[in-house]
Structures are given as C-alpha cells and as structure tokens.
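Working notes for the structure below.
No value in this document is a laboratory result; all are computed from the given coordinates. This is a predicted model, so every value here is computed, not measured. Don't worry about glycine lacking a Cβ; one is built from the backbone with ideal geometry, like all the others, and counts go over all protein chains shown.
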Amino acid sequence: MDNPAGFGIYIHWPFCLSKCPYCDFNSHEAAAIDHQSWRNALLTELDWYAALAHGRTVTSVFFGGGTPSLMEPATVAALLERIAQHWTIAPAVEITLEANPSTVEAQRFLDFKAAGINRLSMGVQALDNQILSFLGRRHDVAESLTAIELARKTFDRYSFDLIYARPGQTVHSWRQELDRALELCGDHLSVYQLTIEDGTAFAPRYNRGEFALPDESVQIDLFTVTQEVLDHAGLPAYEISNHARPGQECHHNLTYWMGGDYLGIGPGAHGRLWNAATRQHRAPDVWLERVARQGHGTQERVDLSVRERAEEMVMTGLRLTRGLHRGLFKMVSGMELNAVIDGKGLAELVEGGFITADQTAIKATETGRLMLNAVTAKLLA
C-alpha cells in the first residue's frame, strides 16, 4: 500500500575526489573505482529491497553522496531501469542527482539527463574563491558559473547549495552574495549554516582556535536576512534550510520530512519502510562484501513502535514551514497529533510565539525554527 506522503528511493554513492573539512557525511576518497562491481552491487541490493516493498509507486529517486556525479551515467541508467522493472513509476517522478560543479563533471550533464535524471542539485557552497578554498572545495567561482549555466540549459529543474555563518562573514557581504545567487539559482536554493561536527577535519582546527565562527547574534541576523531576501525574491522557505518557488520544492526531501517511506541503497544509507528503520553498513568495502555474500549490506534494522514513528514525524514535520497537517499526520502515523504531543507544552510554546496551532495544522514560527530542538523536546515531553 502506498504511503500518502510518498515513496522514495535513495541511492548512496560514497566516493569523492577529496573530503571537505566540514563534511560529516559518509564519503570516502578513492584513487580508483571498479564501476562495474559497484553497479552490480547497487543493483543487487536494490533487488533485495524490492522484494520487501513490492506494489509501491515510486514518487522520487535521489542519487546522493559522496559525489554521485562521479558515477558512470550508464550506472544511473541501469539503476533507473531496474527501479522501473520493480515498481510503478509516478507520472511526475522526481529523479535528482547531486553534483559538484567542476568543469569535467559538468560536461557529463547531458549524459545524466539521457540516463533519466530530471533534477540536478549542485554543491556550489560559496560565490567567493577565498571561502571556497577555506571550505576545501576543488572548484572556483568561474567553474560554478559555467556549471550553473550548463545546468540551466540541460535540466528543467536545478538547484545549488550555499553555506553561511562562515568565519568573518557579515550581514552586508552575505546579502550581496544572496543577491548574486538569486541571479543564478532558478526556482530552488538550499542555504545551510556552517556547523563544526565531531570527526571532521575542521573540528580539531576549530578547537585549537585556528578560526572562529560568527557569534550567536550574528548567526541569527544571517538567518533572518536569508529569510527576508529570499522571501522577497519569491523563494520562501519551505524548510529550515531550503527555499523554492511554490511547486518547486524537492519532493524527495519532502517525503522524508512528511513521514513517507523510502529505501536506502548503498553504504551508510538510511531507510524507512512502514515502521522499520534500516541502515546499511558505512564502510564501502564491508558493504560490498556483505552484498556479495547475502544480497544486501544492512547493518541495522530497528522496528519502531507506532508512537516512536509518530514522534519522529513530529521532529521532521516541524522543520517544514507548512508544519504538521493533522489529517496527513493521522493517515501516515495512525495516531491523532494531539495524542502524541504534550498539551501543556504546546500551550506554552504558542503563548511564547514559538508555535502556531489551529484545527488544521501545528507550525513552528520563524523564531521557533531557530531553536527547533528545544521546541520539539518540549512538545514531546
């Protein structure tokens, strides 16, 4: 039975040319890749999960990483062909590929479109060469502009990412960068705040005091001006870090945030199928060995109770500006929203201006989204 919030397939390509110092994703540098072996393994794991999720309609496919634009387009084509053999494909299916805007990869955009990609998401990250160097990116602004222009000519839908709250960044300089981004971005823009995560190359450098992030008040100002500039330009936030013209939201990510089902294929990929959470082994070599031996590389499968699944939906749904729609919440989770959240906590959050609530939906305000972890903790107390 189809989940009304959608059914997506996430395929993880774990390899990058180099590891960015801020990145805590499951990505690995590789000098050489046996593309045929990886294609076969991804197809094998896809076949395994197809037997557990038959009868669904696929609403989105997302090739993430790592750097999926390093995949051979033939691998993308083979995976999409196999998906179509296993499931019904929605007429408006969204098929996204993440890419880095280096010139070599950009030249392959036409091949990826021919393989079936209809939406491109690029990791531009900054429109400043000095900052790109600090962030460990391999491209410069000129390459970004070339890749964006080619994406505009090749795909009906494309997006790129920017990172803000960088060392020394001011509201004025960020506003100028956003204005330039709006000349380039089309109908979607993702804007992420730089955070220092354990296990990244930035963490020890930050702890040694080699660089500092803007203080909290500046970070709030940067967030606020982001909302103002992009909203005024017709790209309002539909999620904390994502902005789009109405109807151009990333449908695959909406499936995550609205409580839909999705398969996670490839090393470290996460999935949700009915009330089971799955996670594939992170290490590429171990994942390959397990797929060869048992047909899949699943490291963990956890059965969630109805309430645990519903609480997870509260945490993800409040990221969206549309919030938690009571009717959809009940259809997907099987529980009334009022049965999951704490009534006293909700009343206090509404009074404090962090939440709005009516008979249709519960939403976090802009202030509430700035401190969403605390808001959700109080709602689920």
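What number results when the radius of gyration of the stretch 243-381, computed over Cα atoms, is divided by 2.2 N^0.38 Å?
Expressed relative to 2.2 N^0.38 Å, the Cα Rg reads 1.21.
Count the DSSP beta bridges whose two residues both fall in the chain, then state the antiparallel fraction as a percent rounded to the nearest 5.
Taking every DSSP beta bridge with both residues in the chain, the antiparallel ones total about 40 percent.
For the chain, what is the calculated [θ] at 222 nm in deg cm²/dmol (nearest 500), taking -39500 (n - 2.57) for each run of four or more DSSP H residues and dividing by its residue count?
Rounded to the nearest 500, the figure is -12000 deg cm²/dmol.
Using +1 on the beta carbon of Lys and Arg, -1 on that of Asp and Glu, and nothing else charged, what's the dipole of the chain about the Cα centre, debye to 20?
With only Lys, Arg, Asp and Glu charged at Cβ, the dipole is about 580 debye.
Treating only the Cβ of Lys, Arg, Asp and Glu as charged (+1, +1, -1, -1), what charge dipole size does the stretch 191-263 show about its Cα centre? Round to the nearest 20 debye.
Rounded to the nearest 20 debye, it is 200 debye.
Where does each of W13, W48 land when they are ranked from fewest to most other beta-carbon atoms within 10 angstrom?
Exposure proxy ranking, most exposed first: W48, W13.
For the chain, which cysteines have no second Cys with its Cβ under 4.7 Å from theirs?
C16, C185, C250
Taking only Cα atoms of the stretch 48-150, what ratio of Rg to Rh do you get with Rh as the Kirkwood inverse-distance radius?
My calculation of the ratio gives 1.06.
Tell me the net charge near R56. Cut-off is 9 Å between Cβ atoms, R56 excluded, with +1 for each Lys or Arg and -1 for each Asp or Glu.
Summing Lys and Arg as +1 and Asp and Glu as -1 gives -2.
Using Cα-Cα distances under 8 Å and only pairs 6 or more residues apart, what relative contact order does the stretch 215-362 have, in percent?
So the answer I get is 16 percent.
Measure out, as a whole number of angstrom, how far apart the alpha-carbon centroids of the stretch 109-183 and the stretch 53-70 sit.
With the stretch 109-183 and the stretch 53-70 each reduced to a Cα centre, they are spaced 22 Å.
Note the direction-averaged projected area, equal to a quarter of the hull surface, for the Cα convex hull of the stretch 96-184, in nm².
5.5 nm²
Can you tell me what the convex hull of the Cα atoms of the chain projects to on average, as an area in nm²?
18.6 nm²
Per 10 Å bin, what is the whole-percent P(r) computed from every C-alpha pair distance within the stretch 172-297?
Answer for the stretch 172-297: a P(r) of 11, 25, 28, 27, 9, 1 percent.
Evaluate the charge dipole of the stretch 233-368 about its Cα centre and quote only its size in Debye, nearest 20, assuming +1 on the Cβ of each Lys and Arg and -1 on the Cβ of each Asp and Glu.
It comes to approximately 340 debye.
Label-point separation (nm) for R293 and A32, each offset 7 Å from Cα along Cα-to-Cβ?
Reported label-point gap for R293 and A32 is 2.5 nm.
Quick one: give the max-minus-min coordinate of the C-alpha atoms of the stretch 330-381 along each principal axis, largest first, in Å.
Sorted largest first, the three principal extents are 29, 21, 17 Å.
At a threshold of 8 angstrom on Cα-Cα distance, excluding pairs fewer than six apart, so keeping six or more, what relative contact order does the chain reach in percent?
16 percent
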